[in-house]
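So the structure is just underneath, and the comments pick up after that.
Values in this text are rule-based calculations from the coordinates and carry no lab data. Being a predicted model, the structure only gives us computed values, none of them experimental. Backbone-built Cβ (ideal geometry, glycine too); neighbour counts: all protein chains shown.
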Amino acid sequence: MIRTTPVRPTPWDGQPYSIKRHGVTITNCDSEPVQTPGCVQAHGAMLVLRPADLTVLQASENTDRLLGHRADTLLNKSVQVAIGSDGEARLKAFFATEPTDRNPLYAFTLPPRNDVPPLDVTAHTVDGVAVVEFEATGRTEAGEPDYYALVKKTVTRLQSAKTLQQFCDLTSDEFRTLTGLDRVVIYKFHADGHGEVFAESKRADLDPWLGLHYPAGDIPEPAREVFKQIWVRPTPDVAGELAELVPLTNPDTGRPLTMTHCALRGASVMYTEYLENMKVTAGLTMPIRRDGELWGLIACHHYAGPKHVPYQVRAACEFLAQVVSLQYQAAEEREHLVYRLKLDGTHQQLLAQAARDGGLASMTEGRPNLLDGMAAGGAALYHHDRWWRVGTTPSDAQLDALGEWLNDRPEFASPTRPLYATDSLAQQCPPAAAFTDVASGLVAVPLSRLNRNWMLWFRPETIQTVNWGGNPHEKPTVPGPHGPRLTPRRSFELFQESVRGRSLPWLAVELDAVARLRMLVMELVVSRAERLADLNADLTHSNEQLDAFNYVASHDLKEPLRGIHKYAHQLLEDAVIVDQDHRRKLSGMMRLALRMDSLLDSLLHFSRVGRVALATEWTDLNEVVAESIEMVDARRSEGPPEIVVPRPLPHALCDRVWCREIFVNLLSNALKYNDKPQKRVEVGFIAPDEDHSRSGCPEGSAGHTIYYMRDNGIGIPARHFEQIFKMFKRLHGRDDYGGGTGAGLTIVQKLIERHHGRVWLDSTVAEGTTFYFTLQGRVGT
Amino acid sequence: MPVTRQTPFVLVIVEDSDEDFDTVQEAVDRAGFPVEVFRAATGGDGLTVLRAQAPNRPTLVPMDLNTCGIDGREALAAIKVDPALKCVPVVVLSTSANPKDIGFCYAAGANAYHVKPVRHPDHVRVLVDLLTYWMSRAVLPSGERTADEK
């Protein structure tokens, strides 16, 4: 990787960078080109070759000491000059067969010549050049330890770790055994970039660093970037010399060499000074990575002078670091297995409960609820346009504002895991400072994108003491050739700081459980919508079946009825039948057939009243009453009745046609069941603000206009008040009072119910009856 | 009084109930027109009879809706999309007063819809009225085929 040109002008502008020349001019660690340092650590030597013919393009300035030839004498010569024809042949074969791109591999060991000791040769290619590194061999006459067996045992031990802490403790122990360095720490990065010594293995006499925190600046951004690309970084001699490349840039391309993958890559002055301030004399660092992100570092430090870790050991470390990267998540999962099972179990119960109740209210109000799984102080759900809260949470108004703020969080744009979690909400959302006591920590997931429905958990502030390894706010500078320059901190004395506005951090296992719960809730919502659609389909089906029944009632039952009537009629017309008794029975048969016909008609009408959609509109009831009088044909009956409307009726929200049927039915009953010489009917209303008490209105009807129809008819005994509304129930003989099917009041009641109204009555036998009703039509129902 | 006619009117009656068919006969007799009656007990038979009688220009098809097999609804729809038959007036006679049925029949091209009364004399009167109307008042399509029938 080539670093982009720093934005700020640098002292080495216009000329290639070299730590040796410019290293002490750095004023900002984040701009140092650590991947193109121009220098190697002088304990080894480097040749940069043109891959096609293995001609030397660049050489480190220390080749005379290590390879027996001055750098300038090697340039433009075949590599054979430096390593002999045998070496050249092996190198050629090596590049031809090995996967060397950005992948340094051990090629062979160069045998000792004259006063030059045997050297391990590692080689790789990068950006179109071949890079060959030489360093003292780790191979001895006695043979090497079996690194494979060693690493295998280590891996087995790591897999048995029950907690992440145990896993990291083991890791630090194993690396110390493997490398022989004095101290190994597992350095864990926090979300804000600062780090913490999470595990440590050390020589007994050294001061412990375990639990100490270090500011983010201690490991600058460029260094972190490198650790996302390499698996091992040796610094065998912190105080060692640097050897510059000759020339500094590739003569073919004019570009500096990318040394990211080189074991010999020269270390930044800031880094070596930092280590020196800590009295560290040699170091070896490996990354712990997760999904390409840096989780932490395995940092090995030595205090007793230079410590060269040979290639084979570094390869073992590299392999082990990869194993650790893969396994630490598993260790973390093992640690939280019980918690995870409890969380998932509770969340399953929540879901089952919500599915049973048909709503999410039980998630905050039921047992269990959202707080029984997660370790949190409070939880809230925004659903059906309101907050449902449980435990200690911010107020509704604060939640509203928080919901607004959450809407703009970029985390929710993720299609796979829209989840936001923080342990210091007020730092990112300043208004939340008002409720750090209940919600310093927040986990938020959306239940829908459009309706802005949220599921939230809160954690209270926990005042924590952080033990810093040295004051993190100290930014020491020393005078340099270009003004004051930043230097690493010199003091690593314990510096205690208490942190406010922060909750205990959310665990990965908790966030995973939240993400899963969210999926389950969304599935439930979707399946409820499907169920509703199914129910609607069922309902449509039922209505169709009812229609089919009507059909049977009207056709299949009426057809035989027509036949019966016809034969009775024909027999009666037949002159042969003269017996009066027989003729009376035949007439009866015809009458019954007709009666059954009208019962069927009423039944059909009643079922239609129940099913047909209302066309609700504001209707002038005065017109409706006038039409009803017309239809009942009251004016033409003998002894015309007196129909009084004391004051104009209001407009009502109702279906005009069905409403007319209510009045027609009541009116015809009022006239039919009346034996007074002067029949009188009064149609009126009681406005919502008038006294309802005398109407005996049922609950829920006060506050609505009550309509009434009062007659001076025969009256109804109170014990029959309920029966009169029953289908086909008649209080009088079949043919008394003009006959009828006994469906009129049943239909009236049904029609009023369809208008969400109530009907009731008051009556005194022989004096008259008053029917009351309300109409609470709704627009479009 | 009906006009004397050399060729009788041709009635194709679709009716599965013997009682109801008998009532139609009674009404035909009472109406007093020269009529040749063909009966089909199902809508499907009705179509067959109608196609066979097409050259005789059937006057009217009184059609019951609910028959077994291909019912009156299907037969009505088939008649009204058949270029050779669609000019023949079809009057529906049904027990059903269901607005859905009434709507369907008119939409399918029925020329009238009648609900059969249960009261026998009423039933006969409805039939006599409709026969009289179609045979003496209505102007029936002529023997010439219209352009769109070709």
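Where Lys and Arg each count +1 and Asp and Glu each count -1, what net charge lies around A:Gly180 among other residues with Cβ under 11 Å from its Cβ? Counting the neighbours of A:Gly180, the net charge comes to +2. With neighbour counts taken as other beta-carbon atoms within 10 Å, the residues A:Asp182, A:Asp556 rank, fewest first, as A:Asp556, A:Asp182. Extending 7 Å from the Cα toward the beta-carbon at both A:Gln427 and A:Glu276 defines two label points whose distance is 3.3 nm.
Using just its DSSP H runs of length 4 or more, each adding -39500 (n - 2.57), chain A gives a mean residue ellipticity at 222 nm of -11500 deg cm²/dmol after division by all residues.
Placing +1 on the Cβ of every Lys and Arg and -1 on the Cβ of every Asp and Glu, with nothing else charged, gives the protein assembly as shown a dipole about its Cα centre of roughly 200 debye. How many angstrom lie between the Cα centre of the stretch A:579-606 and the Cα centre of the stretch A:331-399? If you average the Cα positions of each part, the centres end up 67 Å apart. Around the Cα centre of the stretch A:212-303, unit charges on the Cβ atoms of Lys, Arg, Asp and Glu (plus for the first two, minus for the last two) sum to a dipole of about 280 debye.
Ranking A:Gly366, A:Leu653, A:Ser598 by how far each Cα lies toward the positive end of the dipole of the protein assembly as shown (charges on Cβ) leaves A:Ser598 at the top. Need one number: nm distance between label points at A:Ala93 and B:Ala54, each 7 Å from Cα along Cα→Cβ, rounded to one decimal. Going by the 7 Å Cα→Cβ label model, 9.7 nm. The calculated FRET efficiency for A:Ala401 paired with A:Val552, based on their beta-carbon distance and R0 = 56 Å, is about 0.35. Taking 19 Å as the straight-line reach from the Cα of A:Lys475, none of the lysines fall in range once those fewer than 8 positions away in the same chain are excluded. When the Cα positions of A:Thr705, A:Ala299, B:Leu60 are compared along the charge dipole of the protein assembly as shown, A:Thr705 comes out farthest toward the positive end, with charges on each C-beta of Lys, Arg, Asp and Glu. Here's how it looks for B:Leu60: its modeled amide H is under 5 Å from those of B:Val10, B:Val12, which are all 5 or more places away or on a different chain. Roughly how far apart, in whole Å, are the Cα centres of the stretch A:47-86 and the stretch B:98-139? So the two Cα centres are separated by 114 Å. Taking 0.36 nm per residue of sequence separation and removing the Cα-Cα distance, the A:Asp675/A:Ala136 pair yields an extension gain of 181.1 nm. Just list whichever of A:Lys566/A:Lys750; A:Lys77/A:Lys228; A:Lys558/A:Lys729; A:Lys162/A:Lys342; A:Lys679/A:Lys726 have alpha carbons separated by over 28 Å in the model shown. A:Lys566/A:Lys750; A:Lys77/A:Lys228, as the Cα separations exceed 28 Å there. Taking other C-beta atoms within 10 angstrom as a stand-in for reagent exposure, A:Met727, A:Met455 fall in the order A:Met727, A:Met455, fewest first. Residue by residue along B:59-71, Cβ atoms of other protein chains within 10 Å of the local Cβ number 1 on average. By the count of neighbouring beta-carbon atoms within 10 Å, fewest first, B:Phe9, B:Phe38 end up ordered B:Phe38, B:Phe9.
Couplings 3J(HN,Hα) for the stretch A:657-664, derived from phi with the Karplus relation 6.51 cos²θ - 1.76 cosθ + 1.60 (θ = phi - 60°), are 5, 5, 5, 4, 5, 4, 5, 4 Hz, where x marks Gly and Pro. Only one residue of A:Leu181, A:Ala204, A:Leu170 has its Cα farthest out toward the positive end of the dipole of the stretch A:142-259, where Lys and Arg carry +1 and Asp and Glu -1 on Cβ, and that residue is A:Leu170.
Here the calculated FRET efficiency for A:Asn622 and A:Glu642, from their Cβ-Cβ distance with R0 = 25 Å, stands at 0.90, rounded to the nearest 0.05. 3J(HN,Hα) along the stretch A:38-43: x, 9, 10, 6, 6, 6 Hz, from the Karplus curve 6.51 cos²θ - 1.76 cosθ + 1.60 with θ = phi - 60°, whole Hz, x for Gly and Pro. Extending 7 Å from the Cα toward the beta-carbon at both A:Lys585 and A:Arg611 defines two label points whose distance is 3.9 nm.
Checking every one of the GluC sites (Glu not before Pro) in the stretch A:77-146 against DSSP loop status and a limit of 10 other Cβ atoms within 10 Å picks out A:Glu141. Computed from the Cβ-Cβ distance with R0 of 25 Å, the FRET efficiency linking A:Tyr147 to A:Leu294 stands at 0.45. Cα centroids of the stretch A:495-543 and the stretch A:105-180: 48 Å apart. Stretching A:Asp101 away from A:Ser491 to a fully extended chain increases their span by 136.2 nm, per 0.36 nm per residue minus the current alpha-carbon distance. For the stretch B:35-150, what does the relative contact order come out to in percent, with C-alpha contacts under 8 Å and a separation of six or more? Over the stretch B:35-150, the number comes to 22 percent. For the protein assembly as shown, the square roots a ≥ b ≥ c of the C-alpha gyration tensor eigenvalues yield an a/c of 1.5 or more together with a/b exceeding b/c, which makes the shape prolate.
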